[in-house]
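Every read-out reported here was derived from the displayed coordinates using simple, explicitly stated rules and does not represent laboratory data. In this text, all values refer to a predicted model and were calculated from it rather than measured experimentally. Cβ: placed from backbone, ideal geometry, glycine included. Neighbour counts: every protein chain shown.
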2 protein chains.
Amino acid sequence: MQTKGVLGQLIKDLCYLPGVGAKTAQRMTFYLLQHDRKSARRLAETILAAIDTIVYCRQCRTFTENELCEMCSNKQRDTSRICVVENPADVWSIEQARVFNGLFFVLHGRLSPLDGIGPEELGLEQLEKKLASGHIKELILATNSTVEGEATAYYLSDLAQQHHVHASRIAHGVPMGGELEYIDSGTLAHAFNGRTKI
Amino acid sequence: MQTKGVLGQLIKDLCYLPGVGAKTAQRMTFYLLQHDRKSARRLAETILAAIDTIVYCRQCRTFTENELCEMCSNKQRDTSRICVVENPADVWSIEQARVFNGLFFVLHGRLSPLDGIGPEELGLEQLEKKLASGHIKELILATNSTVEGEATAYYLSDLAQQHHVHASRIAHGVPMGGELEYIDSGTLAHAFNGRTKI
């Protein structure tokens, strides 16, 4: 019933959100209509504002409303270190950890020849220009530890070497508070191979 | 970081959706911006269309785009039976079960004197007019089996009696496929008290 009409359309469109299935979308639909509609309108208007105003930072390709993002326009940051990540969400995670004071470079993906994603799609030409400038001391590779993420990190370390820039990879191992009993064997193998002297 | 700006606003506004916390909202925000923005725009526009066009059905108070809902405008339905539910979502659930061919009446709540919700807020005057018309044979009470839902059902059965209309309450008991071992004792008590001859 009523799966035509605007009600059905709203349920269908809410399913576009990640992690939202038909049942959740139905609950959201009734919630949006039943409770204060002003908040629902504000949500819709914010989505429109965001997709209209959010662009890529001209320097690091993360999301920003301006030409340069918060980090790139901050004079306090160490411009000689660049951390390469796959997504803008990764930038957020690292910023929230307050662990890095350099600049970022967002690939918006990873090398994946089968999907037709090569160096050009990831803006690597732009990154190479920075590396060639002679100003960069370290390239920190924080791509995900998937097969493609590792391959991308390897490719980038090669690129850094060509320009005599020191490249490093973030450590992979047992997460803080993690119990060995529950850690998968791939992570454990990484943790053993990457052991450091104490 | 970046919790000001339109990005932070979008995360905050998405938290308005039921079941969405800060972390999920953040993931949704990046998803909306990173993937095809046309779908994101359509979602926002559908929300706006829905809150602008969806009104209460003039007869049964469920959600509809027109003056009368699908059920009330369907000449095939049994107009002598009315099923009273708390929310439009309940109408959907019952319609999806294809178990009832009569009309509905949506309270948009339940009697709750402490919250200032009395008969007026639930549109009971409108329901009483229907009962008084002499055309109604049965009033099926499908309010939730909470304390307030039960009290509302009791109040409505009283109202039906005053107008010599037969009132019934949907059965509460062990759900189909439910194993006794996992059923709470309140439901089990209901199931025993409501046992029928076979």
Enter the angle in degrees (range 0 to 90, nearest 10) between the Cα long axis of helix B:5-14 and the first principal axis of the Cα atoms of chain B, meaning the one along which they spread out most. 20
Give the aspartates and glutamates reachable from A:LYS38 as a straight Cα distance under 17 Å; neighbours fewer than 8 places away on the same chain don't count. B:ASP13, B:GLU45, B:ASP52
Output the relative contact order of the stretch B:77-169, whole-number percent, from Cα pairs under 8 angstrom with separation of 6+ residues. 31
Please report, for B:THR79, the nm distances (one decimal) from its label point, 7 Å out from Cα along the beta-carbon direction, to the equivalent points in the remaining copies, shortest first. 7.8
I need the calculated FRET efficiency for the pair A:SER93 and A:GLN126, taking r as the beta carbon distance and R₀ as 25 Å, to the nearest 0.05. 0.65
If the cut-off is a Cα-Cα distance under 22 Å, which lysines reach B:LYS75, setting aside same-chain residues fewer than 8 apart in sequence? A:LYS4, B:LYS129, B:LYS130, B:LYS137
Local electrostatic count at B:ASP36 - Lys and Arg +1, Asp and Glu -1, tallied over other residues with Cβ under 14 Å: +3
Hey, what number do you get for chain B at 222 nm if only DSSP H runs of n ≥ 4 count, each worth -39500 (n - 2.57), divided across all residues, to the nearest 500? -13000 deg cm²/dmol
Mind giving me the nanometre distance, one decimal, between the label points for B:SER39 and B:HIS164, set 7 Å out from Cα along Cα→Cβ? 6.0
Kindly state, to the nearest 0.05, the FRET efficiency for B:THR53 paired with B:LYS23, given R0 = 41 Å and r defined as their beta-carbon distance. 0.80
With a cut-off of at most 14 other beta carbons within 10 Å, and DSSP calling the residue loop, which GluC sites (Glu not before Pro) in the stretch B:57-119 qualify? Please list them. B:GLU67
What ranking do B:ILE82, A:ILE198 get, fewest neighbouring Cβ atoms within 10 angstrom at the top? A:ILE198, B:ILE82
On each of the three principal axes of the Cα atoms of the stretch B:1-119, give max minus min coordinate, whole Å, ordered largest first. 60, 39, 25
Quick calc: nm separation of the 7 Å Cα→Cβ label points for B:TYR31 and A:VAL147 -> 2.5
Between the stretch A:173-192 and the stretch B:102-134, the alpha-carbon center distance in angstrom: 59
Chain A: which residue's Cβ hugs the A-to-B rotation axis most tightly, distance rounded to whole Å? A:ALA44, 2
Taking Cα atoms, how many degrees apart are the long axis of helix B:22-34 and the longest axis of chain B, rounded to 10 and kept between 0 and 90? 60
Which distances, in nm and shortest first, link the B:GLN96 label point to the same label point in every other copy, taking 7 Å along Cα→Cβ? 3.2
Can you pull a Stokes-Einstein diffusion coefficient for the stretch A:115-183 at 4 °C (1.567 mPa s), Rh from Kirkwood over Cα pairs, as a whole number of µm²/s? 95
Under the convention of a label 7 Å out along Cα→Cβ, give the distances in nm from B:HIS163 to the same position in every other copy, shortest first. 7.9
With a cut-off of 8 Å between alpha carbons and a minimum separation of six or more residues, what is the relative contact order of chain A in percent? 12
For B:THR79, B:THR46, what ranking results if the residue with the fewest other Cβ atoms within 10 Å of its Cβ goes first? B:THR79, B:THR46
Once you treat every alpha carbon in the stretch A:74-169 as an equal point and sum by Debye, what is log10 I(q)/I(0) at q = 0.16, 0.17, 0.21 Å⁻¹? -0.62, -0.70, -1.08
Taking the Cα centre of each part, how many Å lie between the stretch B:9-37 and the stretch A:1-52? 12
Sparse-neighbour loop sites [trypsin sites (Lys or Arg not before Pro); the stretch B:88-192; at most 10 other C-beta within 10 Å; DSSP]: B:ARG98
Packing-based exposure ordering (other Cβ within 10 Å, fewest first) of A:TYR31, A:TYR182, B:TYR16: A:TYR182, A:TYR31, B:TYR16
